[in-house]
Amino acid sequence: MSAPILVIVAISGGLPERASLEALSLARRIAADTGGALEALLIADEAAARTAAATLAGSGVTTALVVANDQLTADHPDGWAAAVAQVAEARRPAAVVGAGTERGNELLARVAARMGLPMAANCLSVEPGERYRLTRQRWAGSLLEDCWLDAPTRLLTVAPNSVPVGEPGLSPAPAVEAVAVTLTDRDLALHVTSREAPERGKISLADARVVIGGGRGVGSGEGFADLEELAGLLGGAVGGSRVVTSAGWRPHADQIGQTGLRIAPDIYIAAGISGAIQHVVGCKAAKHILAINTDAEAPIMGVADYAVIGDLHAGLPAISTEIRRRRGTA
């Protein structure tokens, strides 16, 4: 019987995170190719994990593993690394697949260090065999690398917004199995002490179908009012470049790019953004990009589908005004 494929599924707000569902889609393909069962280890406290397991109906997951340890919360990175390593050593999966988010890459890297195994981050495709043939992103997505991953248990993460979330099938909800792990005080020493809650009702950049990003050309924190107005009309979200967050015009949570969020909206409006490669990495998964910039030679123009050469503080209000006119609310 083939070894199982283990996918790490992070739970947030009672549901699997989108990046974990993308990892699950790739893990399901690997399981289909190898003939192994698809198992999921849920990253949440036991009660939340048991509740969330039902949402995996139709995903192909046969067993949802829930860690039974009262001391472990979602905010213990070393604790979860210890838990994943112990589960992997007990169940001996052919591969452990996680999301290529900052948190997901960190978790699998810690697991790799504990197990003494190699780990491949930000994979786009996987061809299983005696050795796994991988294509993965390197250098902030500016390079695609073909490589082999050869280990008793292959540890890999899936690049965000690179694998479509599969449509639910007809498979039943997975069986829930509690697994016991042994954690030391050292495993639990490092933990998150607090989190900044997002504004109520605010659409997240990761989920928004329309994103408006501002760069140095916005001019100031107050200059984002034009972006916020248009985002409100379109039901979108506002983000910014690294320059913007470094200047304190927007919080770091709004940063789009290599060291921020990677987004995949239907349309991304880049206002006053030059388009450094680090920023393009974060927005290139958008279906369409509209660039508004006074510089017709700005790098962002090379990836834009549409362009407006001009002042963003004239262009954005003009778009907002036209939307209101067509809606009869001008």
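Scanning region 27-51 for residues that are under 19 Å from the mean Cα position of the chain (by Cα) and crowded, with 24+ Cβ neighbours inside 10 Å yields Ala27, Ala40, Leu41, Leu42, Ile43.
Would you call Ala23 out of contact with any Ser or Thr (no Cβ under 8 Å at 6 or more places or on another chain) and either assigned to a helix (DSSP H, G or I) or over 24 Å from Ala180 (Cα atoms) (or both)? Considered against the rule, which asks whether it is out of contact with any Ser or Thr (no Cβ under 8 Å at 6 or more places or on another chain) and either assigned to a helix (DSSP H, G or I) or over 24 Å from Ala180 (Cα atoms) (or both), Ala23 comes out as no.
Out of the residues in region 172-214 that are in a loop (DSSP other than H, G, I, E, B) and open to solvent by less than 40 Å² (accessible area, probe 1.4 Å), state the one that is modelled with the lowest pLDDT. Per the stated criteria, the residue is Leu205. Please indicate, with yes or no, whether at least one residue in region 215-226 is assigned to a strand (DSSP E or B), more than 29 Å from Arg195 (Cβ to Cβ), open to solvent by 20 Å² or more (accessible area, probe 1.4 Å) and not small (Gly, Ala, Ser). There is no residue in region 215-226 that is assigned to a strand (DSSP E or B), more than 29 Å from Arg195 (Cβ to Cβ), open to solvent by 20 Å² or more (accessible area, probe 1.4 Å) and not small (Gly, Ala, Ser). If the condition is being modelled with pLDDT of 95 or more and farther than 18 Å from Gln278 by Cα, then region 239-254 contributes only Trp249. When region 227-238 is filtered for residues that are among the aliphatic types (A, V, I, L, M) and in a helix (DSSP H, G or I), the ones remaining, listed by number, are Leu227, Leu230, Ala231, Leu233, Leu234. In summary, strands (runs of 3 or more DSSP E) completely within region 239-330 and bearing 2 or more residues that are open to solvent by 20 Å² or more (accessible area, probe 1.4 Å) occur at 288-293, 306-309. The residues of region 290-328 that are closer than 16 Å to Ala231 by Cβ and β-branched (Val, Ile, Thr), listed by number, are Ile292, Ile319, Thr321, Ile323.
The values are calculated or read from the model by the stated rules, or taken from the named source; none is laboratory data. The structure displayed is predicted, hence computed values, not measured ones. Because the Cβ atoms are built from the backbone with ideal geometry, glycine has one as well, and the counts that use them run over all protein chains shown. When the accessible area is computed, the model is the full protein with side chains, heavy atoms only, and any ligands, DNA or RNA have been set aside. Shrake-Rupley method; radii C 1.70, N 1.55, O 1.52, S 1.80 Å.
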